[in-house]
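Below: one structure, written as structure tokens.
None of the figures in this text is laboratory data; all of them are computed from the coordinates on show. Since the structure is predicted, the reported quantities are computational estimates derived from the model, not experimental observations. Counting neighbours? That spans all protein chains shown, and the Cβs are built from the backbone with ideal geometry, glycine included.
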Protein chains: 2
Amino acid sequence: MEITFKAINDPTRREILVYLIGGAQNAGEIAKQFSMSKPSISHHLDLLKQGNLIHAEKKGQYIIYSLNRSGFELVHAWFQGFAQYFEFPKPKIRL
Amino acid sequence: MEITFKAINDPTRREILVYLIGGAQNAGEIAKQFSMSKPSISHHLDLLKQGNLIHAEKKGQYIIYSLNRSGFELVHAWFQGFAQYFEFPKPKIRL
DNA sequence: TAAATATTTAGACATTCGTTTAAATATTTA
DNA sequence: TAAATATTTAAACGAATGTCTAAATATTTA
């Protein structure tokens, strides 16, 4: 949980996640989207993976990254705890 | 947006938010829940306020803190972009 | 008005974070 | 097998973060 929240704290990592909505990509293609060194992107990918927000699969010399449901579920579940609090008050009279 | 994600990154701040589900409280009462100095809690409250996750209202010598819908809406909206990708079940209660 | 209470602001300090360049590892191709 | 390509690991470093104590501000009470 801690590591998942940490992972989404960084703007570059959030951009990577949004980028991956478009579909799985290898590390090099992901790095191309950013004006940042490949080792930096590699590090960000590692943190996203630790937070279970992405999944890595080796394919030959490439590593393909894709969104991982479980990290998102974790955060989503946490937010659900607040949903009840913010529920609109029910009208006293049925409309 | 940046500041809101930053605000929920810290575990103490997330605990404060969860604590406030139980209802609005003044700074001293909030601080009592944690084994941490009051200035530290005050700083955390400030960051949560900056992220629009809580609202502060002065009441005499006390300051009453309560959950603020707008910060939660912001993060929720961001996650909705992924909800479609993962086809999360729709929440029963609107956030 | 002086003392007590509630809370924040300021300054200091160790730790964590994000970035870079250089080197290492793994895989494919010539 | 040597060279090229894809990616990570390692080491370094400045910036940001979380915490503390001490001091300041604001409000209430005696």
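Students often get this wrong: which residues of the range A:42-80 have the backbone nitrogen under 17 Å from the point 7 angstrom along Cα-to-C-beta of B:GLN84?
Taking a point 7 Å out along Cα→Cβ of B:GLN84, the residues of the range A:42-80 whose backbone N falls under 17 Å are A:67.
Quick check: pseudo-label points 7 Å beyond the Cα along Cα→Cβ at A:ASN26 and B:PHE34, how many nm apart are they?
Inter-label distance under the simple model: 4.6 nm.
Less than 15 Å Cβ to Cβ from A:TYR65, Lys/Arg counted +1 and Asp/Glu -1: what total charge do the surrounding residues give? Before the final figure, lay out the partial values.
Values: positive: A:ARG13, A:ARG14, A:LYS32, A:LYS38, A:LYS49, A:LYS58, A:LYS59, A:ARG69; negative: A:GLU15, A:GLU29, A:ASP46, A:GLU57.
Around A:TYR65, the charge tally is +4.
Using the 7 Å Cα-to-Cβ label point, sort the distances from B:MET1 to its equivalents in the other copies shortest first and give them in nm to one decimal.
Ordered by increasing distance: 2.7 nm.
Which entries in B:LYS6/B:LYS38; A:LYS58/B:LYS6; A:LYS6/A:LYS32; B:LYS38/B:LYS58 show an alpha-carbon gap greater than 26 Å?
Values: B:LYS6/B:LYS38 21 Å; A:LYS58/B:LYS6 32 Å; A:LYS6/A:LYS32 24 Å; B:LYS38/B:LYS58 17 Å.
Beyond 26 Å: A:LYS58/B:LYS6.
For the range B:2-86, state the average projected area of the convex hull of the C-alpha atoms over all orientations, rounded to one decimal in nm². Don't skip to the end; give the middle numbers.
On the way: hull surface 23.6 nm².
Hull-based average projected area comes out at 5.9 nm².
Using 7 Å Cα-to-Cβ label points, what is the B:SER42/B:MET1 separation (nm, one decimal)?
3.3 nm
Debye sum, Cα scatterers, the range A:25-75, no solvent: what log₁₀ I/I(0) at q = 0.15, 0.17 1/Å?
-0.39, -0.50
To the nearest whole percent, what portion of all C-alpha pairs in the range B:7-53 is separated by more than 15 angstrom? List each step's numbers first, then the result.
Details: 360 of 1081 pairs.
Value for the range B:7-53: 33 percent of Cα pairs lie more than 15 Å apart.
Given the convex hull over the Cα atoms of the protein assembly as shown, what projected area results after averaging over all orientations, in nm²?
For the protein assembly as shown, the mean projected area of the Cα convex hull comes to 13.8 nm².
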